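Below: one structure, written as structure tokens.
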Amino acid sequence: MTVNAKQDVDVTVVGAGPVGLVLAAELAISGASVQVIERLTEPAEAMKAGSINVPTAEALDRRGLLAAAEQVQREVFERVGPFARKTDDQRPGVGQPTGDQRPGGSRRAPDSRFTGHFAGMVLDADLVDWSDADLAAHTAVAGARMVPQRELEELLAGHVARLGIPVLRGVEVTALEDTGDGVLVGTTAGPVRTGWLVGCDGGRSTVRRLAGIDFPGTDPELTGHLALVDIADPEKLANGWAWSTRGAYRYGPQPGRVVTVEFDGAHADLAHARPRSRGGTPMTPVTLDEVQASLRRVSGTDVTLTALRAAATRWTDNARQAAAYRSGRVLLAGDAAHVHSPFGGQGLNLGVGDAMNLGWKLGAVVAGWAPEGLLGTYDAERRPLGAWVLDWTRAQIGVMRGDAKSAALREVVADLLSTRDGTTYAVKKISGADQRIDLPGDHPLVGRFVPDLWLADGSRLVDHGHGGGFLLLDRTQDGTFARLAQSWAGRVNSVTDGHATPTGVLVRPDGVVAWASDATDIAAVTGLESALHRWTGTPSSAPDHMPVG
């Protein structure tokens with residue numbers, strides 16, 4: 001497909017994975033003209049993340065996509081229900097014996113109270129304190145967590161298509177030049193002139209390399225595989241996660257799904273963080289023989305695989321974070337900004353959070369109602385969470401190694417995860433329910449993702465924000481907060497609702513609470529006015545942009 005070199009577009013997003021698609025949609029909702037270019041001619045078929053966390057599910061909810069995500073989860077449960085194994089019947093971390101010991105275990109249907117695992121130690125839903133304030137505040141999306149990455153991409157592709165965003169496939173970026181007032185992008189389909197360029201093109205990001213952004217971190221020490229296969233003799237495999245001196249593996253939770261982890265250094269394709277930037281060759285496809293050999297080594301069995309049912313994935317624990325998420329008019333999001341091992345699916349969720357955070361901010365700058373300095377908050381807010389995810393995954397690697405010291409550490413962690421407090425802590429971290437960014441304000445909601453705020457008419461606050469923009473909940477008796485927000489018409493959608501606490505909540509387009517109050521006095525009004533100026537720009541009596549419905 002030919003790209004018109006004379007076409008002026010506000011933002012070009014490189015990469016049509018979940019992060020690029022979410023970002024493009026948020027930009028379009030903000031009123032920016034946007035296009036997506038993607039190296040692959042078709043969506044990738046390789047297996048990746050198997051679920052999403054609470055902030056990602058709530059991001060879908062905020063854009064009216066919750067019902068579609070819930071349907072995906074129902075279909076997933078129908079597929080895996082008869083096969084799902086109750087590995088959490090055991091003490092976390094004990095796993096199943098491998099090698100010359102006898103596999104075994106029991107089965108059960110999957111639990112909608114999704115918990116996940118830490119370093120292969122499945123977290124028991126019955127041990128979680130579901131009344132914990134953070135968990136109890138985010139239950140509306142419980143039916144939309146088991147959304148695999150491939151199905152998520154399909155869902156988002158439909159969302160992007162409905163918004164009329166062009167996705168140009170089979171186009172690679174070859175050069176870029178930041179001219180100060182835009183970016184000239186060389187592609188295999190011809191030159192593109194764009195106001196801003198955002199690299200959502202993965203851990204081997206061409207955009208990051210061409211922008212000269214460094215990618216420091218820790219080198220890999222393992223090779224992992226994820227595959228969906230046909231198995232001639234599945235009874236030879238242990239249930240759930242299993243460890244040995246050679247590594248670890250998991251069989252399940254759906255028929256034929258296998259994961260292997262070998263601590264023997266990185267595969268040649270994974271040995272360097274940036275093979276393309278160092279003149280490396282493209283990654284070689286993962287073969288059935290490669291997966292079978294790995295599974296045999298870590299399981300200590302002669303299990304036989306007969307077919308790959310989907311493209312398999314080869315991965316490692318390379319952990320790096322971009323030195324900057326922005327260089328002039330070039331920005332990074334998702335794996336282009338940070339890479340780590342895939343344990344817990346944190347990379348997908350971290351990237352979607354990047355896109356939600358950056359989308360409205362870059363859209364506001366393009367629209368002209370926010371200064372370019374607003375983009376500085378993107379790096380400031382997302383970098384600490386990215387650094388935490390890198391360390392969270394590094395910790396799991398330390399626990400999973402096959403040496404005696406790691407095995408001893410695994411026993412200690414298993415003890416902690418066998419307690420109510422320990423399991424609840426881990427589930428809160430994995431689910432993202434307790435995520436918070438540092439924002440001005442002393443109300444406990446400020447900086448957190450908006451909780452499930454039910455209104456008197458039976459709706460939820462987020463139901464009123466599917467078209468984007470800021471949401472203001474006003475529960476004052478005389479509509480004091482809503483009247484103040486009228487000066488920002490078109491950017492802030494006010495919703496009035498009875499009389500309760502909190503009396504007022506201002507929610508950013510990315511779902512983060514920018515201001516909240518339990519009072520209606522002058523201090524509350526002043527706090528709201530300050531937050532409106534900080535986040536929604538100079539007041540305007542006329543709408544700058546009416547959000548897309």
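The values are calculated or read from the model by the stated rules, or taken from the named source; none is laboratory data. Given the structure is predicted, the values throughout are model-derived calculations rather than measurements. All Cβ positions, even for glycine, are placed from backbone atoms using ideal geometry, and neighbour counts span all protein chains on display. The area values use the complete protein model at the heavy-atom level, side chains included, leaving out ligands, DNA and RNA. Shrake-Rupley method; radii C 1.70, N 1.55, O 1.52, S 1.80 Å.
Here is how the numbers come out for the structure above:
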quantity	calculated
Net charge of Cβ neighbours under 14 Å - reference residue 309; Lys, Arg +1; Asp, Glu -1	+1
Principal axis dimensions, largest first and in whole angstrom, of region 138-188 by Cα	47, 25, 20
Virtual spin-label span in nm between residue 377 and residue 181, 7 Å along Cα→Cβ	2.8
Added length on full extension, which subtracts the Cα-Cα distance from 0.36 nm per residue, residue 460 to residue 79	134.1 nm
Projected-area mean, region 155-217, by convex hull of Cα positions, square nanometres	5.7
Under the span-like rule (Cα at least 30 Å along the axis, Kyte-Doolittle mean at least -0.5), DSSP H helices of the chain	346-367, 376-400
For region 151-202 and region 295-346, distance of Cα centres in Å	23
Contour excess over end-to-end distance, with Cα ends at residue 540 and residue 71 and 0.36 nm allotted per residue	164.8 nm
Within the chain, longest stretch free of exposed trypsin sites (Lys or Arg not before Pro) [DSSP loop, at most 12 other beta carbons within 10 Å]	279-549
Carbon/sulfur fraction of accessible area - the chain, other protein chains in place, 1.4 Å, %	52
Mean projected area in nm² (Cα convex hull; one quarter of hull surface) for region 414-533	8.7
Approximate shape of region 371-455 as ellipsoid semi-axes (Cα gyration tensor, √5λ), whole Å, largest first	33, 19, 8
Computed FRET value (nearest 0.05) for residue 483 with residue 139, which takes r as the C-beta separation and R₀ as 45 Å	0.85
Rg(Cα)/(2.2 N^0.38 Å) for region 185-248, N = residue count	1.95
With at most 15 neighbouring Cβ atoms within 10 Å, loop GluC sites (Glu not before Pro) (DSSP) excluded, longest segment of the chain	222-549
FRET efficiency, residue 304 to residue 46 (Cβ-Cβ, R0 22 Å, nearest 0.05)	0.45
Per residue accessible area of the chain, 1.4 Å probe, in Å²	39
Contour excess over end-to-end distance, with Cα ends at residue 169 and residue 126 and 0.36 nm allotted per residue	10.9 nm
Proximal charge balance of residue 496 [Cβ under 9 Å; K/R count +1, D/E count -1]	-1
DSSP beta bridges in the chain [antiparallel fraction, %, rounded to 5]	70
Share of Cα-Cα pairs in region 287-403 lying beyond 20 Å, as whole percent	56
Net charge, residue 228 excluded, C-beta distance under 15 Å - Lys, Arg +1, Asp, Glu -1	+3
Normalised alpha carbon radius of gyration of the chain [divisor 2.2 N^0.38 Å]	0.99
Cα-based Kirkwood hydrodynamic radius, region 357-413, one decimal, Å	14.1
